[in-house]
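**Q** Structure provided below as structure tokens; questions to follow.
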Amino acid sequence: MAMEMRLPVARKPLSESMGRDTKKHLVVPGDTITTDTGFMRGHGTYMGEEKLIASVAGSVERVNKLICVKALKTRYNGEVGDIVVGRITEVQQKRWKVETNSRLDSVLLLSSMNLPGGELRRRSAEDELAMRGFLQEGDLISAEVQAVFSDGAVSLHTRSLKYGKLGQGVLVQVSPSLVKRQKTHFHDLPCGASVILGSNGFVWIYPTPEHKEEDAGGFTANLEPVSLADREVISRLRNCIVSLVTQRMMLYDTSILYCYEASLPHQIKDLLKPEIMEEVVMETRQRLLEQVG
């Protein structure tokens, strides 16, 4: 019986530039952020004895005179315009309940989605009866945040043809604080797979489609068998994202692609080993810093 043994290795020291650029002002609940009374109190802070004190564990962010603490691990707080990936949990009257990693279930109204074929008309009783034919429990969708209610619940819409039902692929759940906000969260990577980086921490990896299906209104899921080569690319991307998240690196198209390229010398299964994970992410971080510099 073959047995694999791994011995601990010495941790490589970080270069001066890496240590300097990645240093952040981290606080825990109860830490004093500042005693200057000229600052405005933001999220994650409170005033006590004329001092600004952190109420959550995270990194301090300053915008002019506003100070807030961005929690390192938190539920998703929706903002209008965010791209999210969610799972249908319940079909209700004229609406679907969607799990989006937030404190409350999100809502997708029947009136906030394209009808199959892209028809533009008022929703009828027939449409309401056919709701389970459009989306049912367990289906994964991509959508955009349309509104945020006073209690924090989120209303979604899928009126664009780029949103809708998701077919074959892999879902990776990460902390929402690690997904970098960008102009687009839909990325076709040159390695042969595509990713949807949901602002809510749900990342969807799927084979890049050869042609976009514009006539279905986003409700047909491609269930054709995925080739072995595509499955290997998707598996490698999934392990790369897990590695980046383990090392607390931000997720965006460039960091994922650099990590994928750094992982090519290793087997897919080996990427989950802690020492290889650290080595691959270290190389990725070095490339990103060289690009910035």
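The values are calculated or read from the model by the stated rules, or taken from the named source; none is laboratory data. Nothing here was measured: the structure is a model prediction, and the numbers come from that model. Cβ sites come from the backbone with ideal geometry, for glycine too, and all protein chains shown count toward neighbours. Just the protein is used for accessible areas: all its heavy atoms, side chains included, with ligands, DNA and RNA removed. Shrake-Rupley method; radii C 1.70, N 1.55, O 1.52, S 1.80 Å.
**Q** Between Lys183 and His266, what is 0.36 nm times their sequence separation minus the Cα-Cα distance? Round to one decimal in nm.
**A** On the way: separation 83, 0.36 × 83 = 29.88 nm, distance 3.23 nm.
Taking Lys183 through His266 to full extension adds about 26.7 nm, to one decimal.
**Q** Using only the heavy atoms of the protein chains and a 1.4 Å probe, how would Lys269, Lys97 rank by accessible area, largest first?
**A** Ranked from most to least accessible, the order is Lys269, Lys97.
**Q** I need the fraction of alpha carbon pairs in segment 36-138 separated by more than 18 Å, rounded to a whole percent.
**A** Numbers: 3301 of 5253 pairs.
Result for the distance tail: 63 percent.
**Q** If you don't mind, another one. In whole Å, largest first, what are the principal axis extents of the Cα atoms in segment 26-71?
**A** Dimensions of segment 26-71 along the principal axes of its Cα atoms: 23, 23, 13 Å.
**Q** Helices from the chain with mean Kyte-Doolittle at least 0.5 and a Cα length along the axis of 18 Å or more, per DSSP H: which?
**A** Numbers: long enough: 228-246 (27 Å, 0.58); 274-292 (27 Å, -0.38).
Membrane-span-like by this criterion, though nothing is claimed about a membrane: 228-246.
**Q** Determine how large the accessible area of Arg75 is when every protein chain is in place; take a 1.4 Å probe and give Å² rounded to the nearest 10.
**A** Arg75 exposes around 110 Å² with every protein chain in place.
**Q** Let me ask another. Say the cut-off is 18 Å between C-alpha atoms; which of Lys24/Lys73; Lys180/Lys269; Lys24/Lys180; Lys97/Lys183 go over it?
**A** Values: Lys24/Lys73 16 Å; Lys180/Lys269 27 Å; Lys24/Lys180 16 Å; Lys97/Lys183 27 Å.
The answer is Lys180/Lys269; Lys97/Lys183.
**Q** Calculate the FRET efficiency for Arg159 and Glu50 from the Cβ-Cβ distance with a Förster distance of 41 Å, rounded to the nearest 0.05. All intermediate terms of the calculation are to be shown ahead of the outcome.
**A** Values: r = 49 Å, r/R0 = 1.21.
Computed FRET efficiency for Arg159 and Glu50 comes out at 0.25.
**Q** With a 1.4 Å probe and all protein chains kept in place, how much accessible area does Lys94 have, in Å² rounded to the nearest 10?
**A** In the full protein context, Lys94 sits at about 110 Å².
**Q** Among all the aspartates and glutamates, which ones have a C-alpha under 19 Å from Lys70's C-alpha, if same-chain residues fewer than 8 places away are not counted?
**A** Within the straight-line cut-off, Lys70 pairs with Asp21, Asp31, Glu61, Glu79, Asp82.
**Q** Students often forget the sequence filter, so: which aspartates and glutamates lie under 17 Å Cα-Cα from Lys65 once same-chain residues fewer than 8 apart are removed?
**A** Cross-link targets: Asp36, Glu50.
**Q** Protein chains only, probe 1.4 Å: how do Arg103, Arg181 rank by accessible area, largest first? It would help to have the intermediate numbers written out before the result.
**A** Details: Arg103 165, Arg181 125 Å².
Heavy-atom accessible area, descending, gives Arg103, Arg181.
**Q** Oh, and also: What whole-number volume per residue, in cubic angstrom, does the convex hull of the C-alpha atoms of the chain give? It would help to have the intermediate numbers written out before the result.
**A** Numbers: hull volume 56.0 nm³, N = 293.
In the chain, the Cα convex hull volume per residue is 191 Å³.
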